Amino acid sequence: MSVILETTKGDLTVDLYIKERPKTCLNFLKLCKMKSYNFNRFHHVERNFLCQTGDPTGTGRGGESIFGVLYGQQAKYYEAEQVPVLKHTKPGLLSMVNVGDNMLGSQFFITLGDNLDYLDKEHCVFGEVVEGHDALLNINEAICDENHIPYQDIRITHTVILDDPFPDPSGLEIPIHSPEPTREMLDSSFLQSGRIAADEDINEMEGKTAEEIEEAIADKEAKARATILEMVGDLPSVDAAPPENVLFVCKLNPVTTDDDLMIIFSRFGKIFYNSCEIIRDRQTMNSLQYAFIEFDNPKSCEDAYFKMDNVLIDDRRIHVDFSQSVSRLQWKGKG
């Protein structure tokens, strides 16, 4: 059973856990049908943790269940379904916000990180994002203040129900057209406090020199490549960086040995045991003419970098650079 959440960062297609969470899915679907989520903003976004929405007031303190809409304040919240246990194991899971005593209303969040098991007993997972992970990534990358409020407004603009297996409760009045946003929504204190509207175009390159623009574009491309490498398992994480105390040496003479390099480079500082290694062919054991040298501190590595580039060793002028390898990082089960 699917719903499309159209947001200012892209569309999210959601599959709901109808069998496991029938009451919560009914609540969510009927609120979508009532267009209660239209123009709701993501009022709380924590990178690699979660993004929260579903409050028409945009404060994080409002909202009510469909039962409150139908039956009044005494039914504003309903009790969460706790069996079976559904865990917050991955990004893209939808979970209702526990307002206290396992009571739920209209607010929900979407996970942006892995293995958030400390949320399992507090909040009620009821669906997952199956399409639109690029939009979820855009939300995750939002720049926020110290209260985790995005500087640029992020909103649900529309909800589209693809399949609803539940009959409409008696008294449910479905709007013929999507309602216009209230003045309170459009003219909220959030936007009056110097924030950026959701539809406002941001020119990140304005005021920058050509060199700065080129650097910013290169940085974005590098992050995009890193994201792809993480997805295919070639990087442990997007933020993975090579160690600062490892030197890469190439253009070596095939006759140069590990001991030769150890003697030459150890004058710059202590080298870890078995960490001055020429890379060799696994079958022939012939030198591939490059090596990695791991110092016990970045300062020694930096000194060797500045002093040893283009130096003559065994009649070969070597090239020295900082290592770009992440092979020594702990992968924590990935890859």
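Assuming a ≥ b ≥ c are the square roots of the Cα gyration tensor eigenvalues, decide whether the range 271-321 counts as rounded (a/c under 1.5), prolate (otherwise, with a/b larger than b/c) or oblate. Here the range 271-321 falls in the oblate category. The distance linking the range 116-176 with the range 30-78 is 9 Å (Cα centroid to Cα centroid, whole angstrom). Counted residue by residue at 0.36 nm each, then reduced by the alpha carbon distance between them, the extension gain from T182 to D114 reaches 20.8 nm.
Take peptides 47-54, 172-179 and line them up by average Cβ neighbours within 10 Å, highest first, as a rough protection proxy.
47-54, 172-179
Please say if the range 30-144 is rounded, prolate or oblate, where rounded means a/c under 1.5 for a ≥ b ≥ c the square roots of the C-alpha gyration tensor eigenvalues, and otherwise the choice is prolate for a/b larger than b/c and oblate otherwise? The shape class here is oblate.
Surface composition of the range 246-322: carbon plus sulfur atoms contribute 49% of the solvent-accessible area (1.4 Å probe, protein chains only, all chains present). R0 = 51 Å: FRET efficiency of D101 with L312, Cβ-based, nearest 0.05? With a Förster radius of 51 Å, E is 0.10. Evaluating 6.51 cos²θ - 1.76 cosθ + 1.60 at θ = phi - 60° for every residue in the range 159-165, the Karplus couplings come out as 10, 10, 8, 8, 7, 10, x Hz, glycine and proline recorded as x.
If the chain linking E122 and E214 were pulled fully straight, counting 0.36 nm for each residue of separation and taking away their Cα-Cα distance, it would gain 28.5 nm.
Based on the mean of other Cβ atoms within 10 Å per residue, sort peptides 283-289, 57-63, 307-313, 245-251 so the most packed one is first.
Packing order, densest peptide first, comes out as 245-251, 57-63, 307-313, 283-289.
If you count Lys pairs in the range 18-126 whose Cα atoms are under 24 Å apart, skipping same-chain pairs closer than 8 places in sequence, the total is 19. Couplings for the range 294-301, taken from phi via the Karplus curve 6.51 cos²θ - 1.76 cosθ + 1.60 with θ = phi - 60°, read 10, 8, 7, 7, x, 5, 4, 4 Hz in order; Gly and Pro are left as x.
With protein chains left intact and a 1.4 Å probe, residues in the range 2-186 average 47 Å² of accessible area per residue.
The values are calculated or read from the model by the stated rules, or taken from the named source; none is laboratory data. Every value quoted in this text rests on a predicted model; they were computed, and no experiment measured them. Ideal geometry is used to build each Cβ from the backbone, glycine not excepted, and the neighbour counts take in all protein chains shown. Just so you know, the surface numbers come from the protein's heavy atoms only, side chains and all, with ligands and any DNA or RNA stripped out. Shrake-Rupley method; radii C 1.70, N 1.55, O 1.52, S 1.80 Å.
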